[in-house]
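The values are calculated or read from the model by the stated rules, or taken from the named source; none is laboratory data. None of the values given here were measured: they were computed from a predicted structure. FYI the Cβ positions are ideal-geometry reconstructions off the backbone, even for glycines, and counts take in every protein chain you see. The accessibility values were calculated without ligands, DNA or RNA, using every heavy atom of the protein model including side chains. Shrake-Rupley method; radii C 1.70, N 1.55, O 1.52, S 1.80 Å.
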Amino acid sequence: MQDYTAKALLPACSLNEMILRQLWVCFGQAGTFTWCAEIGTGGDRLGKDNDRPSQTIQDWQQMITLLEQLAYIDYIVLTVEVPDSGTIAIVFCNYPPAGGSYVITGKLEKWVHEKAEAIQHVFTARQDEQTTRVYSKWVFGAIQTLLPLSIAFIVVIAAAVLLIPAEFRRSDFIWWITAGTVVLTLRLAYSISDQLILYIVKKFPYVRWQ
């Protein structure tokens, strides 16, 4: 028998216990489904750690307590299984590429679409439009790449003009100078990019607990 699937992106949002209770209502009546939450606890804002500390939780109060205690959420992966109906997976990630999404798979097309609409409604009602725009492809791409490269290029070229005598810039050393400025530009851009990303993910986390 064919399984039906629905998947979509979720907006940036603020979570609290009330919102999670509304989400649980979408899943079904108590006792009719099982769930498991994996929550990243390492504070990896740049997403460079290969081994990220996390906790796997299947107790409601334990989950709420952990979310209240965390100053920063690396990620949340919530999986739900509804026997004889289907499965639901909801993911939020705060480190690059930050975002949120859900995937629903079920035996009945009607069940899948009903769950998708209900889940989308819960998160849309709590969406943070400004943060969602910050993490859009074009805006975050400019913050991560275009802006750092532009700043680094200006700084390195200005430093080269001020520090390297004109006779060297007009000599055969120009090729070595060019190669050096390219390397310095890329290294400086990389450092600037990291600092900008740290600022953005700290000030505008894609998902936060309030």
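Counting the residues of the range 23-51 that are of a type outside the set (G, A, S) and open to solvent by 80 Å² or more (accessible area, probe 1.4 Å) gives 6.
Of the residues that make up the range 168-190, is at least one under 26 Å from G40 (Cα atoms), among the charged types (D, E, K, R), within 29 Å of the chain's Cα centre (by Cα) and assigned to a helix (DSSP H, G or I)? For the range 168-190, residues under 26 Å from G40 (Cα atoms), among the charged types (D, E, K, R), within 29 Å of the chain's Cα centre (by Cα) and assigned to a helix (DSSP H, G or I): absent. Out of Q195, Q120, one residue alone is out of contact with any Cys (no Cβ under 7 Å at 6 or more places or on another chain), under 30 Å from L70 (Cα atoms), loosely packed, with under 13 Cβ neighbours inside 10 Å and of a type outside the set (D, E). It is Q195.
Looking at I19 and the list (1) open to solvent by 40 Å² or more (accessible area, probe 1.4 Å); (2) not in a strand (DSSP E or B), which single condition is not satisfied? Answer for I19: the failing condition is (1). Which of (1) at pLDDT 90 or above; (2) in a helix (DSSP H, G or I); (3) under 15 Å from the mean Cα position of the chain (by Cα) is the odd one out, the single condition R208 does not satisfy? Single failed check for R208: (2). Cβ-Cβ distances below 8 Å connect the following pairs, each with a first residue in the range 88-105 that is open to solvent by less than 20 Å² (accessible area, probe 1.4 Å), a second residue that is among the basic types (K, R), and a separation of six or more residues or different chains: I88/K115; N94/R45; Y102/K7; I104/K7; I104/K115. Entry remark, the range 1-43: residues being within 16 Å of Q62 (Cα to Cα) and free of Cβ contacts under 8 Å to residues at least 60 places away in the same chain number 13 in total. The residues of the range 115-142 that are assigned to a helix (DSSP H, G or I) and either among the aromatic types (F, W, Y) or touching a Ser or Thr at 6+ places or on another chain (Cβ under 8 Å) (or both), listed by number, are F123, W138, F140.
In the range 138-155 there is at least one residue that is loosely packed, with under 15 Cβ neighbours inside 10 Å, closer than 24 Å to D194 by Cβ and touching a residue at least 24 places away in the same chain (Cβ under 8 Å). Taking (1) assigned to a helix (DSSP H, G or I); (2) farther than 30 Å from A98 by Cα; (3) open to solvent by less than 70 Å² (accessible area, probe 1.4 Å) in turn, L162 satisfies each apart from (3). So, in the range 35-51, how many residues would count as being modelled with pLDDT under 95 and not in a loop (DSSP other than H, G, I, E, B)? So the answer is 1.
If you go through the range 52-87 and keep only what is surrounded by fewer than 19 Cβ atoms within 10 Å (Cβ to Cβ), of a type outside the set (V, I, T) and not in a loop (DSSP other than H, G, I, E, B), you end up with S54, Q55, W60, Q61, Q62, L66, E68, Q69, E81.
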